Structure formats: structure tokens, C-alpha cells
Amino acid sequence: MLRRLCLILFLCCALVSGLLPGTGHAQPDDQPAARPGPQTDALSAAPATVLPDALPHLKQMAVRGKTSVASCLDGDTMQLTDRRRVRLAGIDTPELRPRKGKPQFYAREARELLSSLVRGQEVLLFAVDAEGKDKYGRIVADVRLGDGRSLNGIMVREGAAFFYPHQGLDTAYQDWLLALQADAIRERRGMWAEVLSRPEALKNYTGNRNSLRFFPSDCPDARKIKPRNRLHFGTLMDAFMAGYAPARVCPFWPEEK
């Protein structure tokens, strides 16, 4: 009887102190856990719970007419046969026609990949935000082939595009793209093998928590970021893995070979 009483007392103490599996202090309701992705500062790969093949559920957009692709203007923008333009949501590719200098490294390869996948085909468009268009009037969407594959996802997975956060982007969708990007970076697919092997990859970068863009730390615009919005990245890979995208000013991206 005494031994049983001692055992009961031990179990009660273990439950209170959180020594048993599945016990311990719960996260308070007024302190939600930080969501993985570009809104956090953790320099880690995409969350382990997000599988690269798990395409999030999105609502198909109701668009007038057919959505047959006439041409690809670059690696993230296409023109339909009726001249409407579609921007692949949540991604960006190297500049094919920069304001100065040659095309950026991997810009032509990105456009060629997109063209090989979609030119002449009819595509399906899925909403990733409430707007559905950008300030230039382009349709912004997750673009899918007839077999259900996401072009946005393919471009990131193959290392031909990087994650590009923008306002209103569906959170599950951005986490999915980040998982694809982390996988492409780890495997050094596409552009990553070259970009992450250059001297620029080991330099320091400064992120802006407000815009989710990053700059070389010696860029004058980086010094204009308010201190509370600054985030230090020790390497280029750190910035990309955290879900930040390169700012347009002070470009560090190599030109095509």
C-alpha cells in the first residue's frame, strides 16, 4: 500500500513539472507562435512540416476567354494570345533586360525553361491574394499546366527563380515556395551553383523587415533603413533562406557569361 502511494505521488509530481512526454508549459493564447517564413528572423531552411510536393489549396480564378500562352517575356512573365500579361506570383527571376549592362546570370535560361514548359498551351490560373493584379495591370497568379503542375513551383524547384514576397501573398503558398527554394539551394540546382560559389556569397547583407528585401551591407540604401527594421545576414544564403528577396538597388547579381 505504501509503495503504491509513493508511485502515485511521483507521477503527480512528474506531471506538474513537465517531466513526462507530452506535458509542460503550453504557449499562452495571447502569445502566438512565430509563423515560419519571411516574417520571422530565423536563418533556417523552410519549416520541416512543409513538404515541397504539397501544393497548397488555392481557388481557381474566374477569367474571361481562353488563357493560351503566346510567349514568355522573361522567366516570370508571360503574354496570352489576347495580349493580357500574367505575372507568376511569389517568384522572381534574374533580369533579362536590366536598365544597365548585360542580362543577369541565368536570365536567359529561366525564360527558356518557362517557354519550354508552357508556350502554346492553355494554362489555369489560381488566386494567391485578394487583388489578383499588380500595379501594372498584370494578372498575378499561381499558373498551372493542364496536368496540375505549378509553373511557379517548377521554376523555384529547378533553381531558375527565387522566392519573392509581396503584400497579401497566401501564407501557406509562401511557405511552400520557401520549402522548394530551400531544397533547390541545398542541392545547388540551376543558378544556385554559380551564385552561391562567388565571392559575393560570403559578404554581409542587410535586410529590411518592413519590405522583406535585402541589400549588400555597404550599399548606401542599406544605411537608410531604420534601425528597428534592420536585420543582419552573415552570408547571401542566409538572406535567401530567411525568405528575403534582393533589392533592385546596389545589384550584386553576376552578369551572364
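No value in this document is a laboratory result; all are computed from the given coordinates. Values in this document were obtained by computation on a predicted structure and should not be read as measured data. Because the Cβ atoms are built from the backbone with ideal geometry, glycine has one as well, and the counts that use them run over all protein chains shown.
For VAL128, nonlocal amide neighbours, meaning residues 5 or more places apart or on other chains whose placed amide H falls under 5 Å from its own, are ASP142. The trypsin sites (Lys or Arg not before Pro) found in the range 72-180 that occupy coil by DSSP, while having at most 10 further C-beta atoms within 10 Å, are ARG83, ARG99, LYS100, LYS135.
With Cα atoms defining each centre, the range 196-245 and the range 49-125 are spaced 26 Å apart in the structure.
Taking only the C-alpha atoms of the range 92-131, the Rg (one decimal) and the largest Cα-Cα distance, Dmax (whole number), read 13.6, 36 Å. Remark: the Cα gyration tensor places the range 43-188 in the oblate category, a/c being 1.5 or greater and a/b not exceeding b/c. Placing pseudo-labels 7 Å out from each Cα toward the beta carbon at THR171 and ARG186 gives an inter-label distance of 2.4 nm.
Taking each of LYS203/LYS224; LYS100/LYS257; LYS66/LYS133; LYS100/LYS135 in turn, the alpha-carbon distance tops 21 angstrom for LYS100/LYS135.
Label positions at ARG119 and SER71, each projected 7 Å from the Cα along the C-beta direction, are separated by 1.0 nm. May I ask you to derive the FRET efficiency for ARG85 and LEU196 from their Cβ-Cβ distance with R0 = 35 Å, giving the value to the nearest 0.05? Given R0 = 35 Å and the Cβ-Cβ separation, E is 0.65. Taking the charge dipole of the range 108-257 about its Cα centre, with +1 at Lys and Arg Cβ atoms and -1 at Asp and Glu Cβ atoms, the residue from LEU117, PHE162, THR206 reaching farthest to the positive side is THR206. Sites listed here are GluC sites (Glu not before Pro) in the range 68-154 whose DSSP assignment is loop and whose Cβ has at most 15 other Cβ atoms within 10 Å: GLU131.
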